[in-house]
Each structure stands twice: as C-alpha cells, then as structure tokens.
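The values are calculated or read from the model by the stated rules, or taken from the named source; none is laboratory data. Everything numeric here is computed off the predicted structure, so don't read it as measured data. Note that we place each Cβ from the backbone using ideal geometry, even for glycine, and neighbour counts take in every protein chain shown.
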Amino acid sequence: MTTTTLTTTKAEASSRVGICGSGITKAHIEGYQKLPGVEVVAIAGPDVERCQAVADQYGIPRVFADYRAMLELGLDAVSVGVPNKYHAPITIDALAAGCHVLLEKPLAIDVADGERIVAAARESDRVVMLAFNRRYLANAVTLKEFIDAGTLGDIYYAKTGWTRRAGIPGFGGWFTTRSLSGGGPLIDLGVHMLDLALYMMGYPRPISVSGATYAALGPRGKGHSDYADYTRFPGGAPEVVFDVEDLATGFVRFEGGATLTVEASWAGYQPLRDDIYLQLYGREGGARISMPDYQEADSLRLVTESAGMLVEVAPVLPKVGRGGYAHEVALFVDSIRTGAPPPATAAQGLTVLRVIDALYRSAEAGREIEIAI
Ligand SMILES: NC(=O)c1ccc[n+]([C@@H]2O[C@H](COP(=O)([O-])OP(=O)(O)OC[C@H]3O[C@@H](n4cnc5c(N)ncnc54)[C@H](O)[C@@H]3O)[C@@H](O)[C@H]2O)c1
C-alpha cells in the first residue's frame, strides 16, 4: 500500500491544529491524536455544549463559540466539518489566517463558493485537502494499485451508487434544508462515489450530464434514519422540513468518450439498508467494489484475462482503520510537512461539484446539460 508511506517523524516540530465542528470531526481528531508531533489545541462551533463534550472526551484544552476567535490562536492547520454552506467562508478565513485546511466534502454548497475556495487555495501557499475518505478504504487503495499497474487498461465506463433504504439524516436539520446543504443525497453521498469513480478513471473532464431527482418519501416523513420501520414513529412523526431530493440518478459524459452512471438516495424501497458500489469497465479488465450494508470484507473483485482464460481475482485486503479517516488525516499532515500536493485537491472537489450542480440543473430542466469549464 504505497499511500501508507508517511514521512512524519517524532523529531519534527509540533503542529497545532484547530477543529471547526463537533460531528464527523471526531474522526479527524482521532486521526490527529495518532500522529506524533500533532496537537489538537482547540475546537469551535456555535453548539458550545457539544463542542465542550468533544473537548472533554479527547482532552482538547480550548473551546470557542466562534471559529474566528479560534483562528487568532495562530494555528498551523484546521479541520472543517460544518454544514456545507459554511465550508467556503471558514476555509477562506482559515487560509487568510495562515492555516492549512482539511475540508469535509462536498467542497462547497455551490459552484460559485467552490470557485472562491479554489482561488483562495491557489493564492495561498497552504494545503487544502478534501476529505474524500472513501479513497482510503482498503478496497479503494488496493483497486487503485491494480489500475496503476495497468490491470484494467483504459477505463471507458463506470457505474456507481450509494442508495439507502432509510437514511434521511433527520427532518428539519441542515442536511434536509437546501439553503444550508445545497441538496440531498446526491451532494451528501453521491459526492463520495463520484469522486471515487473519477479518481479511479484518472479524473477525466466531464462535458455533459443528464439527471433526474425525486422526493417520494422524505416530504411524507418516511425514511428517517432513526426509524427503520417506515410506518410507525414512536411518539408521533417528527416535524418534517425537507426541501431536497431523496433520490437522484444521473448519466455523465467525459471528454474522450468515457461515461458514468450514478445514483444516490437517502430513502427508497430496496432490500439493502445501504447499497454502496463502484463498478469499472476497462479494455483489459473490470473491477467491482461492493459494500452491502457497509461490509468491507471481501469487497473487491477484479475480472481480467490470464493464460488465455477469464479469471476472477479476489485480493486479500490490507487492514485500514474505520472509514479511512485516520489514514486521510495522516496524508494531510504528510502533505503539510513534505510540501507535496494533497491526494485530494480543491480543484478535484470543484470538478465533482460541477457535475452535481449540472445534474441538479438537468433534473430541473428535464434535459441534458453541458458543463462549461
Ligand atoms: N466524510 C464523511 O464520511 C462525512 C460524514 C458526515 C459528514 N460529513 C460532512 O461533514 C460536515 C459536517 O457534517 P456533520 O455530520 O458533522 O454535521 P453535524 O450537524 O453533526 O455537525 C455540524 C457542526 O458544524 C458546526 N456548525 C454549525 N453551524 C455552524 C456555523 N454557522 N459556523 C460554524 N460552525 C457551525 C457545529 O459545531 C456542528 O457541530 C458536512 O459538510 C458533511 O457533508 C462527512
């Protein structure tokens, strides 16, 4: 696994890290705290009580209600894991304060904000890395090595998806409110799978898309992640605030002729709770990552030819920690220390965001949309 080769050593000066947000950022904190010479010194968020609880859990000395006060500490780096609407302002402020930034997906709430982040990253000499953690799962790391070794040859078609039976992350929070999230499962889950597919395909340039979106269950209070049963809500149905899609599907054309289909949902009548997959078709071979209900064991298969026969390859996967988060954080710190570009850049995040934005516009217009870059 070449991507685990880190240059971080105990001898290096301590890096002081601040955390924006108290949700998924716990996975970042656990990653930082595994690394020698890295100290998580503060956490910030308007939900001060939850931030304090995280600080107590991980022994973080300072808690701030406003991230701007935290940035005055003169930090080396920050992790940003906040509602999508705040990705751009916080990342741009952090860069202006001289910090490197590990930013949660999606890059931003929309293309305009994404372009502002890319411009700010270019103008600074700081690292901005997108938290596309699914690249660092054992199946993805291994598949990329097979692709780099030429096993698949030129990849001309990909199909990918992350569909849930009942996974709406609350009714009325920021996830289901478009003005805060930018959309539903396509920008939340589809963003991961689009990045993974593009990463494996060598990030070809998307030129047009055709998409459709649905909101068949969410607006009726069905498909909440806390209630596996669609029909009964203990204590009555929660108040439903839901102005995003609950299922999206799309078709993407790339420069050079490759194509991709994508589907993402938070709710839908399907047998699996979570169906997570990426299938690639190359001229020399194919591959499928399949993670029904998050199962990581035995999740990669390749099909190719050997000795004139069709063969299936089931690689023995290396051990990588939960969700790939610790590995992601280690790569971020490594990029800061070596000056090498981070593995997932803001520019790649913007390419994915352009696809998502075009899919939403196509769904609304009911026709194919070209992507102008
Ligand atoms: N890579 C992954 O696996 C993964 C998983 C979950 C979430 N995420 C991403 O992480 C981000 C946060 O998601 P979450 O699940 O932790 O959400 P959350 O609602 O659990 O936490 C969001 C946090 O943002 C902070 N916040 C809220 N409003 C803010 C504001 N106005 N200014 C500054 N901070 C504010 C709060 O501290 C809050 O705790 C989102 O962008 C989401 O897409 C990524």
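Is it fair to say PRO83 is near the ligand (Cβ under 10 Å from one of its atoms) and in contact with a helix residue (DSSP H, G or I) (Cβ under 7 Å, 6 or more places away or on another chain)? If you could, list the steps in order and put the result at the bottom.
Working: near the ligand (Cβ under 10 Å from one of its atoms): yes; in contact with a helix residue (DSSP H, G or I) (Cβ under 7 Å, 6 or more places away or on another chain): yes.
So PRO83 passes the test.
Filtered by the rule that a residue be out of contact with any Ser or Thr (no Cβ under 9 Å at 6 or more places or on another chain), in a loop (DSSP other than H, G, I, E, B), over 16 Å from GLY250 (Cβ atoms) and not β-branched (Val, Ile, Thr), region 175-208 gives a lone residue, GLY202. At least 3 residues being of a type in the set (Ser, Thr, Tyr) is the threshold, and among the strands (runs of 3 or more DSSP E) wholly inside region 254-347 those reaching it are 259-265.
Whether any residue in region 42-50 is more than 10 Å from the ligand (Cβ to nearest atom), on the phi < 0 side of the Ramachandran plot, buried (at least 21 other Cβ atoms within 10 Å of the Cβ) and among the hydrophobic types (A, V, I, L, M, F, W, C) is what I want to check. Among the residues of region 42-50, at least one is more than 10 Å from the ligand (Cβ to nearest atom), on the phi < 0 side of the Ramachandran plot, buried (at least 21 other Cβ atoms within 10 Å of the Cβ) and among the hydrophobic types (A, V, I, L, M, F, W, C), which makes the answer yes.
Kindly evaluate ALA197 against the criterion of being more than 30 Å from VAL41 (Cα to Cα), in contact with a Leu (Cβ under 6 Å, 6 or more places away or on another chain) and modelled with pLDDT of 95 or more.
Details: more than 30 Å from VAL41 (Cα to Cα): yes; in contact with a Leu (Cβ under 6 Å, 6 or more places away or on another chain): yes; modelled with pLDDT of 95 or more: yes.
In short, yes.
Can we say ARG164 is crowded, with 24+ Cβ neighbours inside 10 Å and either within 15 Å of the ligand (Cβ to nearest atom) or within 16 Å of PHE132 (Cβ to Cβ) (or both)? The answer is yes for ARG164.
In region 59-69, which residues are surrounded by fewer than 18 Cβ atoms within 10 Å (Cβ to Cβ) and either within 11 Å of the ligand (Cβ to nearest atom) or in a helix (DSSP H, G or I) (or both)? If you could, list the steps in order and put the result at the bottom.
Here is the first cut: in region 59-69, the residues surrounded by fewer than 18 Cβ atoms within 10 Å (Cβ to Cβ) are 59, 61-62, 65-66, 68-69.
Once the filter is applied, which keeps residues that are surrounded by fewer than 18 Cβ atoms within 10 Å (Cβ to Cβ) and either within 11 Å of the ligand (Cβ to nearest atom) or in a helix (DSSP H, G or I) (or both), region 59-69 yields ALA65, ASP66, ARG68, ALA69.
Among residues of region 239-283 being among the polar types (S, T, N, Q) and over 20 Å from the mean Cα position of the chain (by Cα), the one that is modelled with the highest pLDDT is THR259.
Residue by residue, here is whether (1) of a type in the set (Ser, Thr, Tyr); (2) farther than 20 Å from LEU350 by Cβ; (3) surrounded by fewer than 20 Cβ atoms within 10 Å (Cβ to Cβ) holds:
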residue: LEU71; (1), (2), (3): no, yes, no
residue: GLY81; (1), (2), (3): no, no, no
residue: LYS85; (1), (2), (3): no, no, yes
residue: VAL111; (1), (2), (3): no, no, yes
residue: GLY114; (1), (2), (3): no, no, no
residue: MET129; (1), (2), (3): no, no, no
residue: ALA140; (1), (2), (3): no, yes, no
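Step by step: first the residues of region 117-137, then only those that are within 16 Å of the ligand (Cβ to nearest atom) and assigned to a helix (DSSP H, G or I), then the one that is nearest to LEU75 (Cα to Cα). Which residue is that? The qualifying residue nearest to LEU75 (Cα to Cα) is ILE117.
Tally time: how many residues in region 97-116 are in a helix (DSSP H, G or I) and in contact (Cβ under 8 Å) with a residue 24 or more places away in the chain? Reasoning before the result, please.
Quick first cut of region 97-116, residues in a helix (DSSP H, G or I) only: 111-116.
Still in the running and in contact (Cβ under 8 Å) with a residue 24 or more places away in the chain: 111, 113-116.
Here the count works out to 5.
Filtering region 9-23 for residues that are polar (S, T, N, Q), out of contact with any Asp or Glu (no Cβ under 9 Å at 6 or more places or on another chain) and assigned to a loop (DSSP other than H, G, I, E, B) leaves a non-empty set.
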